[in-house]
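Novice: Have a look at this one.
The values are calculated or read from the model by the stated rules, or taken from the named source; none is laboratory data. Small disclaimer: the values here were computed from a predicted structure and weren't measured. Cβ placement follows ideal geometry from the backbone for every residue including glycine, while neighbour counts extend to all protein chains displayed.
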């Protein structure tokens, strides 16, 4: 089977990518910070490498074998070029950040952007309701505190969970 590297798996999106891949039976290797290592392993990553360790690429190559990974998903801001370095020739890089590198060595590079999709949202909500997906929540706030909470949640990935905004009166 395929082995997938998820770079930046400690964030919300990276963590969901790990879980969705593991649910499909894909062997996942991930990078994350120390604070989220155990959570990413619980999400289904076989191995979690410290993304702050300058040697993580070397360790990833050891885990992937000589050829490299067939596929890498980059969820780490500014991490697409580094993530690409552990890909096999002819592999595939998907990045959710705005820094897609130029294609080289036959590697297909895709940028993935969020778009509204009610059907997919329903599938994800169902997986959450069934307990097949986990979404850590950092805090729940009222609408009057939403701006502050969202700004804190987009400060470079230090938040350890989602910000849930409660509608007025709840």
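Novice: Quick test of your reading of the structure: residue 99 fulfils all but one of (1) in the same structural domain as residue 17 (by TED's automatic domain parsing); (2) farther than 22 Å from residue 10 by Cα. Name the failing condition by number.
Specialist: (2)
Novice: Considering only residues that are under 18 Å from residue 11 (Cβ atoms) and part of a strand (DSSP E or B), which ones fall in segment 74-96?
Specialist: 74, 93, 94, 95
Novice: Pull out all pairs, ordered by first then second residue, where Cβ-Cβ is under 9 Å, the residues are six or more apart or on different chains, the first lies in segment 156-170 and is outside the structural domain of residue 34 (by TED's automatic domain parsing) and more than 19 Å from residue 133 (Cα to Cα), and the second is at pLDDT 85 or above and exposed (fewer than 10 other Cβ atoms within 10 Å of the Cβ).
Specialist: Close Cβ pairs satisfying both conditions: 168/144.
Novice: Please enumerate the residues belonging to segment 101-120 that are farther than 20 Å from residue 56 by Cα and part of a loop (DSSP other than H, G, I, E, B). Steps first, please.
Specialist: First pass over segment 101-120, keeping only residues farther than 20 Å from residue 56 by Cα: 102-120.
Residues satisfying the conditions are 102, 103, 104, 105, 106, 107, 112, 113, 114, 115, 116, 117.
Novice: Which is surrounded by 12 or more Cβ atoms within 10 Å (Cβ to Cβ) and in contact with a helix residue (DSSP H, G or I) (Cβ under 8 Å, 6 or more places away or on another chain), of 87, 135, 112?
Specialist: So the residue among 87, 135, 112 that is surrounded by 12 or more Cβ atoms within 10 Å (Cβ to Cβ) and in contact with a helix residue (DSSP H, G or I) (Cβ under 8 Å, 6 or more places away or on another chain) is 135.
Novice: Based on what the data block shows, is residue 44 in a helix (DSSP H, G or I), in contact (Cβ under 8 Å) with a residue 24 or more places away in the chain and in contact with a helix residue (DSSP H, G or I) (Cβ under 9 Å, 6 or more places away or on another chain)?
Specialist: Working: in a helix (DSSP H, G or I): no; in contact (Cβ under 8 Å) with a residue 24 or more places away in the chain: yes; in contact with a helix residue (DSSP H, G or I) (Cβ under 9 Å, 6 or more places away or on another chain): yes.
When the stated conditions are applied, residue 44 does not pass them.
Novice: Quick one: is residue 111 on the phi < 0 side of the Ramachandran plot and without any contact (Cβ under 8 Å) to a residue 24 or more places away in the chain? Break it down stepwise before answering.
Specialist: Working: on the phi < 0 side of the Ramachandran plot: yes; without any contact (Cβ under 8 Å) to a residue 24 or more places away in the chain: yes.
Yes.
Novice: Determine, yes or no, whether residue 30 is outside any strand (DSSP E or B), touching a helix residue (DSSP H, G or I) at 6+ places or on another chain (Cβ under 9 Å) and touching a residue at least 12 places away in the same chain (Cβ under 8 Å).
Specialist: Values: outside any strand (DSSP E or B): no; touching a helix residue (DSSP H, G or I) at 6+ places or on another chain (Cβ under 9 Å): yes; touching a residue at least 12 places away in the same chain (Cβ under 8 Å): yes.
When the stated conditions are applied, residue 30 does not pass them.
Novice: Within segment 47-66, identify whether any single residue is buried (at least 20 other Cβ atoms within 10 Å of the Cβ), more than 20 Å from residue 134 (Cβ to Cβ) and touching a helix residue (DSSP H, G or I) at 6+ places or on another chain (Cβ under 8 Å), and answer yes or no.
Specialist: yes
Novice: In this structure, is residue 39 closer than 24 Å to residue 160 by Cα and either touching a residue at least 40 places away in the same chain (Cβ under 8 Å) or out of contact with any strand residue (DSSP E or B) (no Cβ under 8 Å at 6 or more places or on another chain) (or both)?
Specialist: Working: closer than 24 Å to residue 160 by Cα: yes; either touching a residue at least 40 places away in the same chain (Cβ under 8 Å) or out of contact with any strand residue (DSSP E or B) (no Cβ under 8 Å at 6 or more places or on another chain) (or both): yes.
Yes, satisfied.
Novice: Continuing with the same structure: How about segment 28-46: which of its residues are surrounded by 16 or more Cβ atoms within 10 Å (Cβ to Cβ) and either over 12 Å from residue 7 (Cα atoms) or more than 14 Å from the chain's Cα centre (by Cα) (or both)? Step through it out loud before you land on a result.
Specialist: Within segment 28-46, the subset surrounded by 16 or more Cβ atoms within 10 Å (Cβ to Cβ) is 28-33, 36-37, 39-41, 43-45.
Residues satisfying the conditions are 36, 37, 39, 41, 43, 44.
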